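Working notes, beginning with the structure itself.
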Amino acid sequence: MRLTVLGARGAYPEADDACSGFLVEHDGFRLLLDAGYATFPRLLTHCAAAEVDAVVITHGHPDHCVDLNPLLRARSLADDPPPPLPVYAPPGALDAVLALDRPGMLDYTLHPAGDGDRLRLGPFTVDIRALPHFVPDNGVRVTAGGVALAYQGDSGPSSDLAALADGAALLLAEASYAEAVPADSAGQLSSALDAAAAARAAGAGRLLLTHLFPGLPGATAVAAARSGYAGPVDTADAGQVWELG
């Protein structure tokens, strides 16, 4: 299984960067996890729009889903359009993004997905757990070839994240803050310390920190996570490629 980081910033992209978007590949199948700001142009450096086989969106905040629009436009406006793109998301999460164009212009099949669902997408098995956030958020576990990765999306700390990531080769976990989450976001967002606790409880093989808010140095987040988790810790950065398994 190959994981390519298209972007991993939280809230909005800084210069020459992008928000949450991850391309997962196995046996020729391309699965896109989230499509935040500025991820679509980076996706095109790895594959054509028509070569994406399925999309899973964790939740409806624009830093995770807004570039679904140009992906669907590129497919639908092609001279030889590919089949409708299967898109999986919490019910109602993509209403605003999908309403940006006139009805019928974009070619996709939208599938509601939520807590406890198991999706079979090509060679992948995708298990979903609802995690606490300001809006419905689906944490996902993606398994293929006997290898699993877990992706939090955004959420507050939850024992369900550790269960989702149990024994995973890699946990892609939110670290909006290094240590303390402000009171107005407590329970809805996580820190690098929270990510470390989840990785430790899950026995994950590697921790990859994502969704760092603008201005948070990666080294600061990594240092905080290493204080609570003994395994390898890195920040997710656009352009990284991880071979799992």
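Just so you know, all these numbers are worked out from the coordinates, no wet-lab data involved. What you are looking at is a predicted structure, and each value in this text was computed from that prediction instead of being measured. Cβ: placed from backbone, ideal geometry, glycine included. Neighbour counts: every protein chain shown.
Hey, got the dipole for the chain? About the Cα centre, +1 on K and R Cβ, -1 on D and E Cβ, debye to the nearest 20?
Approximately 360 debye in magnitude.
May I ask you to derive the FRET efficiency for Ser185 and Arg226 from their Cβ-Cβ distance with R0 = 30 Å, giving the value to the nearest 0.05?
Once the sixth-power term is evaluated, E becomes 0.80.
For Phe213 and Ser159 in one chain, what is 0.36 nm times their gap in residues minus the Cα-Cα distance, to one decimal in nm?
Length gained, Phe213 through Ser159: 17.1 nm.
Enumerate the amide H contacts of Leu121 below 5 Å, restricted to partners 5 or more residues apart or on another chain; note that Pro and chain-start residues carry no placed amide H.
Val126
Given R₀ = 30 Å, what would the calculated FRET efficiency be for Val241 paired with Asp95, taking r from the Cβ atoms and rounding to 0.05?
The formula returns an efficiency of 0.35 here.
Compute the distance from the alpha-carbon center of the range 1-74 to that of the range 149-204, in whole Å.
If we compute the Cα centre of each part, the gap is 21 Å.
Please compute, over every Cα-Cα pair in the range 2-243, the percentage with a separation greater than 29 angstrom.
Result for the distance tail: 21 percent.
Can you work out the PRE-style zone for Leu77? Point 7 Å along Cα to Cβ, and I want the residues of the range 47-61 with backbone N under 16 Å.
Inside the label zone: 49-50.
Can you say what percent of the DSSP beta bridges in the range 2-243, counting only those with both residues inside, are antiparallel? Round to 5.
55 percent
Fewest Cβ neighbours within 10 Å first, please rank His26, His61, His46, His211 accordingly.
Listed from fewest to most nearby Cβ atoms, that is His46, His26, His61, His211.
Could you tell me the relative contact order of the range 1-110? Use alpha-carbon pairs under 8 Å, at least six residues apart, and round to a whole percent.
Once divided by the residue count of the range 1-110, the mean separation gives 21 percent.
May I ask which residue of Leu43, Leu164, Tyr151 lies farthest towards the positive end of the charge dipole of the chain, with charges of +1 (Lys, Arg) and -1 (Asp, Glu) on Cβ and the Cα centre as origin?
With unit charges placed on the Cβ atoms, the residue in question is Leu164.
Sort the range 147-245 into rounded, prolate or oblate with this rule: let a ≥ b ≥ c be the square roots of the eigenvalues of the Cα gyration tensor; rounded if a/c is under 1.5, and if a/c is not under 1.5, prolate when a/b is larger than b/c, oblate otherwise.
Numbers: a/c = 1.65, a/b = 1.24, b/c = 1.32.
Cα axes put the range 147-245 in the oblate bin.
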